[in-house]
Amino acid sequence: GPASEAGPASEAGPASEAGPAPEAGPAPILQVKDVRYTYGAGTAHEQQVLKGVSMHIAPGECIGLVGVSGSGKTTLIKHLNGLLRADSGDVLYEGRSIYEKKYRLSALRQKVGLVFQYPEHQLFGQTVLKDVSFGPLNLGMSREQAEASAKESLAMVDIGEDYYHVSPIDISGGQKRRIAIAGVLAMKPRVLVLDEPAAGLDPATRYMIFDLLTKIKRELGIAIVLVSHHMEDVARYADRVYVLSEGQIAMQGTPRQVFTHVSRLEKLGIGVPEITAFTDALRRQGAAGLTPAVTVPEAEAAVLRLWKGGEAHA
């Protein structure tokens, strides 16, 4: 309806405005305020990639970041730990600007851990344990402390001690992915940023990676930023979703607030979870009482309600 043209869902209420801070709840651990960024400024190839992006992440929250290729997702996450510096705007970690003169970016990079796509290409230690100890050693931990942290993180990702002295080259793709995540966890971050963490993995291994992320969030209280093309994953695991389109936040809200706008997302070139498309198609074909569902259990409940309602009228 017309409500969805103006911006995110009207029923999404004030949370859908791209405000700098959440209306209620804990203070954000990470805030992005009106960040603009241009690649190749002053050259013939100058391209403005981020055009005033604002977002916030609360402690222990899982944020989904979605958008078509080229929308600026990877550029945006490189601002979260200072790998790229905004042309204008601000990034705050625990309320403090990371652009302050004396700010130690090395400390920020420990607190905001980035796991890029296909992180196993970055595994280089002779053994799994050495690889996962590398970050903590770089932080200035003693070898004992670094190995203790590495062992803890490997246990967290279900890699046992029989793997400590194996070369990372000799193990499966899913195990490599988990070891790469353990390498970042060993640095004891507060925010974990993952770019397509399940890219190129078979379905069983994908589920394993996402169950692992759920466990990390639950047991360690780490906030997670999940960049993904897979809307099913985002709908299932994210608390809130930001939709990036041409360098701007086009929509935001809970998965339910965002993904039920099927036609608006289609216009932005973004799919919706298959179950959402399916329930939306049923609704358009005459199941008038059906609201688009975002997860399979939700769809089952909606269809059952509709069916029971129909039986009552029969």
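Points worth noting:
- Residue list for the range 52-99, restricted to those being of a type in the set (A, V, I, L, M) and open to solvent by less than 10 Å² (accessible area, probe 1.4 Å): Val53, Met55, Ile57, Ile63, Leu65, Val66, Leu76, Ile77, Leu80, Val91, Ile98
- Under the condition of being in contact (Cβ under 8 Å) with a residue 12 or more places away in the chain and under 27 Å from the mean Cα position of the chain (by Cα), the residues counted in the range 147-168 number 11.
- Looking across the range 175-207, the residues that are of a type in the set (A, V, I, L, M, F, W, C) and either touching a Pro at 6+ places or on another chain (Cβ under 7 Å) or at pLDDT 90 or above (or both) come down to Ile179, Ala180, Ile181, Ala182, Val184, Leu185, Ala186, Met187, Val191, Leu192, Val193, Leu194.
- Gly286 vs. criteria open to solvent by 40 Å² or more (accessible area, probe 1.4 Å), under 26 Å from the mean Cα position of the chain (by Cα) and small (Gly, Ala, Ser): no
- Any chance Gly67 is on the phi > 0 side of the Ramachandran plot and more than 22 Å from the chain's Cα centre (by Cα): no
- The single residue among Ile98, Ile57, Ile29, Ile63 that is among the hydrophobic types (A, V, I, L, M, F, W, C), at pLDDT 90 or above and out of contact with any Leu (no Cβ under 9 Å at 6 or more places or on another chain) turns out to be Ile29.
- Residues of the range 180-221 classified as open to solvent by 50 Å² or more (accessible area, probe 1.4 Å) and aliphatic (A, V, I, L, M), total: 3
- Qualifying positions in the range 219-245 - at pLDDT below 90 and acidic (Asp, Glu): Glu232, Asp233
- Subset tally (residues that are in a helix (DSSP H, G or I) and either modelled with pLDDT under 90 or surrounded by fewer than 14 Cβ atoms within 10 Å (Cβ to Cβ) (or both)) for the range 149-161: 2
The values are calculated or read from the model by the stated rules, or taken from the named source; none is laboratory data. Just so it is clear, the model here is predicted, and its values are computed rather than measured. FYI the Cβ positions are ideal-geometry reconstructions off the backbone, even for glycines, and counts take in every protein chain you see. Protein only, heavy atoms only, side chains kept; ligands, DNA and RNA dropped before computing areas. Shrake-Rupley method; radii C 1.70, N 1.55, O 1.52, S 1.80 Å.
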